[in-house]
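Chemist: I have a structure I would like to understand better, so I am pasting it below and will then ask my questions one at a time.
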Amino acid sequence: MTDVADGSLTTDRASKRKAEKRERLLAAARTLFIQRGYHETRPQDIAREADVAHGTFYSHFNDKREIFLAFASEAQEDLHNYVQERVPDVASFEEYIQYSLNAIQEFAEQNPGLLRSALVDTKVFDPTDSTSKVVRSKFASGFVRILEKAKKNEELYEDVDPELIGHAMIGLIQSSAPQAYRMGKSRDEFVKLMANLLCRGLVKNPTGI
């Protein structure tokens, strides 16, 4: 009985150590992807930053793409939870877009470089890479869902394609937010400009403009 208990305890400790090393690798990857970018970060750099042996990296991840996807998935989950907590139960697409844009910008300000790094388009450098498609689809999914709901409620123009526009919104925010910052615009100014643009282009009878 004691041998069985000791064996279980040893297994539990080994599992805990393995999980801890994986978390250290993910934390290191997050730091380096933000600081250096996807293509300037190597598996050995991540292992060194995590203070583990180089071989330990490959005990948890097959390659850099796999840990990047894990990093991006965590970033997406963090953003999703952050936005969900800050968007009240709203009645229209217009209201949702105001709250969600503000929450996204607030999240970006609190996590400098995170969204830019997680949304890197790796296909530009490697035409065979599907990483960026998977990541961007996850990030766009929240917008796609709310667009589908708004279209079903007949708030949007009939020719609005939720899947396409949801992904376009991610690109729009990603490219325009840094420019707004360089132009000295506040978060409120940026959110208002983007919300007005989207509502004028998508909503049949916008009321908040």
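The values are calculated or read from the model by the stated rules, or taken from the named source; none is laboratory data. Predicted model only: the values in this text are computed from it and were never measured. Glycine gets a Cβ as well: all are built from the backbone with ideal geometry, and neighbour counts include every protein chain shown.
Chemist: Within region 31-44, how many residues turn out to be in contact (Cβ under 8 Å) with a residue 60 or more places away in the chain and part of a helix (DSSP H, G or I)?
Modeler: Residues meeting the conditions: 3.
Chemist: When ALA108 is evaluated against the numbered criteria (1) at pLDDT 90 or above; (2) surrounded by fewer than 20 Cβ atoms within 10 Å (Cβ to Cβ); (3) of a type in the set (Gly, Ala, Ser), which criterion, by number, is the only one it fails?
Modeler: Among (1) at pLDDT 90 or above; (2) surrounded by fewer than 20 Cβ atoms within 10 Å (Cβ to Cβ); (3) of a type in the set (Gly, Ala, Ser), the lone unmet condition for ALA108 is (2).
Chemist: Would you mind telling me which numbered condition in (1) out of contact with any Phe, Trp or Tyr (no Cβ under 7 Å at 6 or more places or on another chain); (2) surrounded by 14 or more Cβ atoms within 10 Å (Cβ to Cβ); (3) not assigned by TED's automatic domain parsing to the domain that holds SER141 THR41 fails?
Modeler: (1) is the only condition that THR41 fails.
Chemist: A further question on this structure: Test of understanding: among SER141, SER130, SER175, which residue is surrounded by 13 or more Cβ atoms within 10 Å (Cβ to Cβ), outside the structural domain of ALA29 (by TED's automatic domain parsing) and at pLDDT below 95?
Modeler: Working: SER130 fails: surrounded by 13 or more Cβ atoms within 10 Å (Cβ to Cβ); SER175 fails: surrounded by 13 or more Cβ atoms within 10 Å (Cβ to Cβ).
After ruling out the rest, the residue left standing is SER141.
Chemist: For region 158-190, what are the residues that are of a type in the set (Phe, Trp, Tyr) and over 15 Å from ILE97 (Cβ atoms)?
Modeler: TYR181
Chemist: Restricting region 111-126 to residues that are among the aliphatic types (A, V, I, L, M) and in a loop (DSSP other than H, G, I, E, B), which is modelled with the highest pLDDT? Lay out the reasoning, then the answer.
Modeler: Let us first name the residues in region 111-126 that are among the aliphatic types (A, V, I, L, M), namely 114-115, 118-120, 124.
If we keep only those that are in a loop (DSSP other than H, G, I, E, B) as well, we get 119-120.
Working: LEU119: 79, VAL120: 72.
The selected residue is LEU119.
Chemist: Now for a different question. Among ALA91, ALA72, which is of a type in the set (A, V, I, L, M, F, W, C) and part of a helix (DSSP H, G or I)? Talk me through it step by step, then tell me what you get.
Modeler: Values: ALA91 fails: part of a helix (DSSP H, G or I).
It is ALA72.
Chemist: Next question. Identify, from the list ALA91, ALA47, ALA72, the residue that is crowded, with 18+ Cβ neighbours inside 10 Å and either in contact (Cβ under 8 Å) with a residue 60 or more places away in the chain or assigned by TED's automatic domain parsing to the domain that holds ILE146 (or both).
Modeler: On the way: ALA91 fails: crowded, with 18+ Cβ neighbours inside 10 Å; ALA47 fails: either in contact (Cβ under 8 Å) with a residue 60 or more places away in the chain or assigned by TED's automatic domain parsing to the domain that holds ILE146 (or both).
From the options ALA91, ALA47, ALA72, the qualifying one is ALA72.
Chemist: Here is a follow-up. Limited to region 57-68, what total is found for residues that are part of a helix (DSSP H, G or I) and crowded, with 17+ Cβ neighbours inside 10 Å? Working first, answer last.
Modeler: So in region 57-68, the residues part of a helix (DSSP H, G or I) come out as 57-60, 64-68.
Next, only the ones that are crowded, with 17+ Cβ neighbours inside 10 Å stay: 57, 60, 64, 67-68.
Residues in region 57-68 being part of a helix (DSSP H, G or I) and crowded, with 17+ Cβ neighbours inside 10 Å: 5 in total.
Chemist: So, of the residues in region 144-170 that are surrounded by fewer than 14 Cβ atoms within 10 Å (Cβ to Cβ) and not acidic (Asp, Glu), which turns out to be modelled with the lowest pLDDT?
Modeler: Here the residue is ARG145.
Chemist: State all residues of region 79-112 that are within 15 Å of the chain's Cα centre (by Cα) and over 21 Å from ALA180 (Cβ atoms); if no residue qualifies, say none.
Modeler: Initial filter on region 79-112 (within 15 Å of the chain's Cα centre (by Cα)): 79-84, 100-101, 103-112.
Of everything in region 79-112, those that are within 15 Å of the chain's Cα centre (by Cα) and over 21 Å from ALA180 (Cβ atoms) turn out to be HIS80, ASN81, GLN84.
Chemist: Further, regarding this structure: Considering only residues that are surrounded by 15 or more Cβ atoms within 10 Å (Cβ to Cβ) and part of a loop (DSSP other than H, G, I, E, B), which ones fall in region 75-88?
Modeler: VAL87
Chemist: Do you know which residues across region 16-38 are hydrophobic (A, V, I, L, M, F, W, C) and surrounded by 17 or more Cβ atoms within 10 Å (Cβ to Cβ)? So that I can check it myself, show each step before the final result.
Modeler: Taking region 16-38 and keeping what is hydrophobic (A, V, I, L, M, F, W, C), we get 19, 25-29, 32-34.
Passing the criteria: LEU25, LEU26, ALA28, ALA29, LEU32, PHE33, ILE34.
Chemist: Here's a follow-up. For region 188-209, enumerate the residues that are crowded, with 17+ Cβ neighbours inside 10 Å and assigned to a helix (DSSP H, G or I). Walk me through how you get there before you give the answer.
Modeler: First, pick out the residues of region 188-209 that are crowded, with 17+ Cβ neighbours inside 10 Å: 190-192, 194-195, 198-199, 202-203, 206.
Correct list: PHE190, VAL191, LYS192, MET194, ALA195, LEU198, CYS199, LEU202.
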